[in-house]
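Some notes on the structure that comes next.
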Amino acid sequence: MRWITLLWRIGTVALAIGLALLVAWLIPSSAEYPYRMSRPIEPEQYMTGGLEVYSPQNGLQISVEATDNVRVYLLGASSVELDNWKTLLREAYPDSESPDLEIFIEFYTVPLLFFHEAYPEQPLPDFLPLPASHGPQSQSMVWNVTVLDKGLQTHPEIILWDPPSGSVFSHELFPEDVLNIMAVVANPSSNTVEVDMEIKEVLAVAPKDRIIFPAQLLISIGIGLTIVWLFSRKFRKSIF
Amino acid sequence: MGKGRPFLEIFTYALDEDYRFPILEIFAFLFALGTFVFADFAGGYDRTGETMAYSLVSTLCGFPLMFIFVVLILKNVAYGLGSDLDRGVMQTLFSYPLKRRHILTARLLSSLGIAVLLFLGIQIFGLFLLAPDILATYSSTVFLTYAAHVCSPALLLAGLLLLLTLRLKRGGLALIIGVVLFFAGLIVSGLMTSIAYGTGSDLSLKIWAVINPNSALQAYYYHMGTSGFLFGGETWVPSFSEVLLYLGAGYLIVAVLFIVGYIYFDRRLEI
């Protein structure tokens, strides 16, 4: 009977933890600070959107609509990793003392890193390497899809979300660490594609998709063990 | 009959007394929900990974959750053991074919062991659900931070209260003293920092770090993440080996308190 009682108490503790997870799951999350971007992407070019810091309690909701098939990625890197890359870029382009370059290294670290790794001997263009369709076609080397593909092959660990190509996307992501996350939309086709992208910050007590299964499991275990205990009590009473 | 069975008998009795239904369940619920509610990742945004991991675990071991944990321990050690002494239950326990120290071990295993296991188990499980990457990448930092927070105030107060309860043979007063000591620790912590800044000497911080190793850990990690003006940053920045020494010293003090408690219980306690 003691073992049954012990199991019952383990069950009730599991039930209590499961209920706590359920309460955390039930606390509503809020989507705030929308960041909208609407722009055309030229053939075989890509663009990036909003590099922000996100955490396991501060995720993002992304929705993308395009006039044709595009590829969408969410890329994430830690601040330490990002700082290392910035240092690498500053060392790689020591002659470019333009303050604009410093700003671009700050905001477009990953695209510039991909470009540097794809064309290590190539100096940066003298003009600002603006994202696709914001400058003349000659700037496109930095924002070329092949550069992106090479970069992603070299750094597969930074890909947080990589859905199949399409024209409508919607996703919510809570990183498992504190990460700098940016969205990437690539146009692999030979036509210009109009893209509407919206990113919202989602604040939650806990990532709902990660806690609901443990909550269900613990509550089930708790109820199961309690039923066993109740039956064994009833069984004992009927004997004695 | 071997020694195992009476030991288990006393352990089971202590478990029944310390964690009557639904005490264990309420604390488990609070620890689990608190892990998600009080987790704060914002403190680590501009810091290195290790500092962020330290900052995150520290928020989980901060005032509300640590106080709940300390209350559970104090209730078990002071009130539980005190009631046994007060009501004469200890005399019955002494009739078991066990040495006194084994009886105390069984009692403390329930009062402290299960409470620590519950607190750490639920928090680490919660962290695993919340931020598995942080837990996996910086597991040594997470372990060290928990070790420092559990050492003081939790185990240090438990040791002090064990001695007090054995001496007073009453749990109620010891419990009140324990709660007062918990808050006194918070005040002294701030006071020591003020003294250090005021005098420009790091001696007060070092003395406090022996009693509360977390302050050494805090000074170490905060300096690692930022080079600016922060707690202890100007007057005292311990090296990692120093931090380990302070942690070892903290646990040594706890061990001494418990050893004294054991000796008193074994040889001097008169019932």
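The values are calculated or read from the model by the stated rules, or taken from the named source; none is laboratory data. Computed from a prediction, not measured in an experiment: that's the story for all the values here. Heads up, the Cβs are rebuilt from the backbone with ideal geometry, glycines too, and the neighbour counts pull from every protein chain shown.
Annotations for the structure displayed:
- The criterion of at least 3 residues that are surrounded by 20 or more Cβ atoms within 10 Å (Cβ to Cβ) is met, among helices (runs of 4 or more DSSP H) falling completely within region B:117-210, by B:139-149, B:156-168, B:171-199.
- Only one of B:Ile26, B:Ile73 that is more than 8 Å from every other protein chain (Cβ to nearest Cβ), assigned to a helix (DSSP H, G or I) and either out of contact with any Leu (no Cβ under 6 Å at 6 or more places or on another chain) or closer than 20 Å to B:Tyr221 by Cα (or both): B:Ile73
- Top-ranked residue in region B:14-23 [being outside any helix (DSSP H, G or I) and exposed (fewer than 14 other Cβ atoms within 10 Å of the Cβ); ranked as farthest from the other protein chains (Cβ to nearest Cβ)]: B:Arg20
Let's see how each residue does on (1) surrounded by 18 or more Cβ atoms within 10 Å (Cβ to Cβ); (2) at pLDDT 95 or above; (3) closer than 18 Å to A:Ala206 by Cβ; (4) within 14 Å of chain B (Cβ to nearest Cβ):
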residue	(1), (2), (3), (4)
A:Ile10	no, no, no, yes
A:Val13	yes, yes, no, yes
A:Ala16	yes, yes, yes, yes
A:Ala20	yes, yes, yes, yes
A:Ile27	no, no, yes, yes
A:Glu32	no, no, yes, no
A:Arg36	no, no, no, no
A:Arg39	no, no, no, no
A:Gly49	yes, no, no, no
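- Filtering region B:179-186 for residues that are of a type in the set (Phe, Trp, Tyr) and closer than 21 Å to B:Asp40 by Cβ leaves an empty set.
- Any hit, region A:180-195, residues being among the hydrophobic types (A, V, I, L, M, F, W, C) and part of a loop (DSSP other than H, G, I, E, B): no
- The set of residues in region B:81-113 that are under 24 Å from the mean Cα position of the chain (by Cα), of a type in the set (Ser, Thr, Tyr), surrounded by fewer than 19 Cβ atoms within 10 Å (Cβ to Cβ) and farther than 13 Å from B:Tyr262 by Cβ contains only B:Ser83.
- Scan region A:161-183 for residues that are buried (at least 21 other Cβ atoms within 10 Å of the Cβ) and either in contact with a Lys or Arg (Cβ under 6 Å, 6 or more places away or on another chain) or among the aliphatic types (A, V, I, L, M) (or both) and the total you get is 5.
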